Structures are given as C-alpha cells and as structure tokens.
There are 2 protein chains.
Amino acid sequence: MDKPKSQHITKFETKVNRVEREALNGHKGVTVWFTGLSASGKSTIAVLVDQMLAARGARSYVLDGDNIRHGLNRDLGFSPADRAENIRRIGEVARLFTQAGIINLTAFISPYREDRDRNRSIQDPGDFVEVFVDSPLEVCERRDPRGLYRLAREGKIPEFTGISAPYEPPLHPDLVLYTDRESEEESAATLVAYLEEHGYLWGGAARGKERAAAGKRASGR
Amino acid sequence: MDKPKSQHITKFETKVNRVEREALNGHKGVTVWFTGLSASGKSTIAVLVDQMLAARGARSYVLDGDNIRHGLNRDLGFSPADRAENIRRIGEVARLFTQAGIINLTAFISPYREDRDRNRSIQDPGDFVEVFVDSPLEVCERRDPRGLYRLAREGKIPEFTGISAPYEPPLHPDLVLYTDRESEEESAATLVAYLEEHGYLWGGAARGKERAAAGKRASGR
C-alpha cells in the first residue's frame, strides 16, 4: 500500500484485542462481501443472514446503499472515479467493523474486480469472504423490482451495470449463490452454513436466545 | 441536510432493529465523541473505557488516528477542507457503529464546533455524547509525549491546534473531564459512570464475564 498523506500519526494499539472480542461474541469478525447484478438478491440475502445471525446472538450489520450513499458517501456521484472511491470507502468501513469483531455484510453491485480485490487486500487473510450472487442478466431484468433496468434500457440511467456498463464476475469467489435456482432463504442458509463450516461462527442458537431474553429483561423493554 | 448526489437508491429497512440489537448487547449503541487538545488524554481514556466496557461484556470500539488516517481517510491531508472532510467521514462511520448497537469512542482533536455539531446533527437525539477532555495548553505542551508541540513551535508542523490553529471548546458538552486534575483512570471511570447513569449501559459485569468465558470455551482459545 502507498503511504498515507498524513504525517506525525503514531500507531496506537487498542488494548482490547480481536481475540478477546471474538471470544465474547462467539464468532469472528469478518466481511461478507456480496457482489452481483442489480436485483440479483444481494440485499435481501444480506438482511436474511443478518436476521439469522441476530437470532443466534451473533453481532452482525448490513452495509448497503441506504446507510452508505445517504451518509458517508453522499458527496460521491457515479463517475468512474467516484464509483471507485465509493467501493474503497466501503471496504475501509468493512475493515473497521471486522476489527471490531462484527460480521459485516456489504450489499453493493461492486462490478469491478480491481475494486473488490483491493478491499480484500487491506484485510488480514480470511477476513474477507467474497460471495458472488450469480443470477443471469435476463432473470434480474425480468424481476426489476424498482424499474431500474427499464430506465436503463430507456437511457434514463447512464452506465448501468449489465446494460451500459460492464460487470466483472469474480474469478475465485469464496462462495457462489445461484439465486435463479434457489430461494433467497435457501441462499441465506447456505451462507450461514459456510460461515459455520469455515470456523467464523461457533456456539449454538440457544445461548443467543438466552442472551437476548436476558437483555430484554434487564432493559425493561 | 442537502440531498445526496446519488439517484435511484431506495431506502432499505434492515429487519434487525436497534432495539433488538441493544437488548442482545445489554447496552445502547452510542457515539462517545471526545474532543480536546493533542496530548489532553483522549486516546488513553478511550482505550481505558474500551477495556472497562469489554470486561463487562459490552460491545465497544475505538476510532482513532491510527485506524482512520491510515485507512478510510488516507487520501486526506491537512488543508482546511480535508480536515473538515476527515471529521465528517468519522462522524458518518460513528453513526454506522451506533446503528449497529456498538458503543463507539472517537478520539480526535476535532477543534471546530461546526464539525462536531454537524456530526451530532446526523444522529438521533441522545446518540451522540460529546466529551470535552479539558486540559490547559501548557499542561498538554509540557506532556508532549510525541514531541509534536516542540515541532509545532519550531514551525515544522503547520496549523497545529493550540499553537498555530484555533481550538474551539464545546459550548455545551455532555461531559467534561479535567485531565490536569485527575488521572486518566479516574476520567475513564467518570465516563463509564455517566453512561450508566444516563441509561446507555445496563446489566452487570458478572454476565459479561460469563459470556466471555463461555465464548472462550466454545472457541477452544
């Protein structure tokens, strides 16, 4: 990595380390980076996984267009440079969540390999799980839940991924979800199983539910 | 707030809401925004509070120069515009951590009222606790653990807060810590007591320790 512009900044070790946080949480911190066409199912699956993880007491959070484009990246448009910066910043925020021990799920088209690979490269090995939500363009376009493909075909949205801008599928994704052949619930379950099998998640559902109940009692809510 | 440049982005409700996350955690998500001169004790207190919170099973995370300036904001320098953008982005990341139910502690000089007030304004009422780490310039300059004040006096660091650039103390901070009169440990304890008294933290230390022990057993670490 090139050096940051900042000078006179001392490396500062936070004394609560990741192993402690992860032991407390019952799971590792990890970025689950979804990539795929618009309407392929990224956000829906991310939210379903978030729910499943919360139900078992895991700490998770979804980063998506809503909480990023209206906030951190509200100054960015859709020029090539701004798109790259958009994905770069999301990758950096994802890294912070991972360091904080959170299972963070990012739901962005992120069409360029270079941008995704850079976001993997800033994290420690194993901390970045690339999930390719693979659904053919014609299926996504048929779904078109927000009418974006129609607008893109009419030329009303320029540089729309799959129509007037390229999508570069991952060459070596950690997991592929075929959302044209299975339900979003099935895809979500596949992903949670992947996290268990690869040692990101341990502990059982029962403890999570007990914790949630204990928290509700204590808070009086 | 002005409208974001982004178009065609639908508001997307993540289905795990904050009340559920907070019940699970035994505390609210909140941004604890430290402000004060260089060497006033911000980072040290933030790390101590982080440790105290982790020991009782709370989810916390420190955002500081290390993990922000070397990552998310590595493209920013120290021009007035870049300094403002630095603090803006940190405020947005802090908001995301708050929404994720994490007690996030930000340790930055953040010398301008306008920048801090904007970061408060993007969060819900009560979600932003401004902590003024109040230590006189002469005390901070005498400490000078990294020799920055000396370099600033020698003109080797331009626009250094307190020497060649202004510091605007908060007009209505939520909490003031007088680090020239008490130890950093005392200040940290004062802050944790504040979080308890104001309903940000509930539940006891015992449960947190039990959880940590359970997590360690399950993970085999």
Exercise for the section: For region B:18-219, build the charge dipole from Cβ charges (+1 Lys, Arg; -1 Asp, Glu) around the Cα centre, then report which of B:T44, B:I68, B:G147 sits farthest towards its positive end. Expected result: B:I68
Fill in the blank from the handout: If A:D117, A:D134 are placed from fewest to most neighbouring beta carbons inside 10 Å, the sequence is A:D117, A:D134
Practice task
Amide H neighbours of A:V62 under 5 Å, at least 5 residues apart or on other chains, H built in the peptide plane: list them.
Solution key: A:L105
Handout entry: Efficiency of FRET from Cβ geometry, B:V19 and A:V139, R₀ 35 Å, rounded to 0.05
Key = 0.45
Practice task
Please work out how much length the chain gains when fully extended from B:R153 to B:R120, using 0.36 nm per residue of separation minus the C-alpha to C-alpha distance, in nm with one decimal.
Solution key: 8.6 nm
Fill in the blank from the handout: Distances in nm between the label point of B:R143 (7 Å along Cα→Cβ) and its equivalents in the other copies, shortest first, are 5.3
Handout entry: Copy-to-copy label separations for B:E182, where each label sits 7 Å from Cα toward Cβ, in nm and ascending
Key = 5.5
Practice task
Would you please give the residues with an amide H less than 5 Å from that of B:F128, counting only those at least 5 places away or on a separate chain, with H modeled from the backbone geometry?
Solution key: B:T31
Practice task
For B:L177, list long-range residues whose amide hydrogen, built 1.01 Å from N in the peptide plane, is under 5 Å from its own amide hydrogen.
Solution key: B:F132, B:V133, B:D134
Fill in the blank from the handout: Karplus ³J(HN,Hα) for region A:67-80 (6.51 cos²θ - 1.76 cosθ + 1.60, θ = phi - 60°; Hz, whole; x = Gly/Pro) runs 7, 9, 5, 8, x, 3, 9, 5, 7, 9, x, 10, 5, x
Problem - Fraction in percent of alpha-carbon pairs per bin - 10 Å, region B:47-150 - result: 13, 40, 37, 10, 0
Handout entry: Whole-Hz ³J(HN,Hα) from phi, Karplus 6.51 cos²θ - 1.76 cosθ + 1.60, for region B:25-35, glycine and proline x
Key = 7, x, 7, 7, x, 7, 9, 9, 9, 7, 9
Practice task
Mark the label point 7 Å from the Cα of B:R113 along Cα→Cβ and return the residues of region B:15-46 whose backbone N is within less than 18 Å of it.
Solution key: B:34-37
Handout entry: Copy-to-copy label separations for B:P125, where each label sits 7 Å from Cα toward Cβ, in nm and ascending
Key = 5.2
Exercise for the section: Convert each backbone phi in region A:50-60 into a coupling constant with the Karplus relation 6.51 cos²θ - 1.76 cosθ + 1.60 (shift: θ = phi - 60°), then list the ³J(HN,Hα) values in order as whole Hz, x for Gly and Pro. Expected result: 4, 4, 4, 5, 4, 5, 9, x, 7, 9, 9
Fill in the blank from the handout: Of the convex hull enclosing the alpha-carbon atoms of region A:25-219, the direction-averaged projected area in nm² is 11.6
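Computed from the coordinates by the stated procedures, all read-outs in this text should not be read as laboratory data. Quantities reported herein were computed from a predicted structural model and do not represent experimental measurements. With ideal geometry, Cβ positions are generated from the backbone for all residues, glycine too; neighbour counts draw on all protein chains shown.
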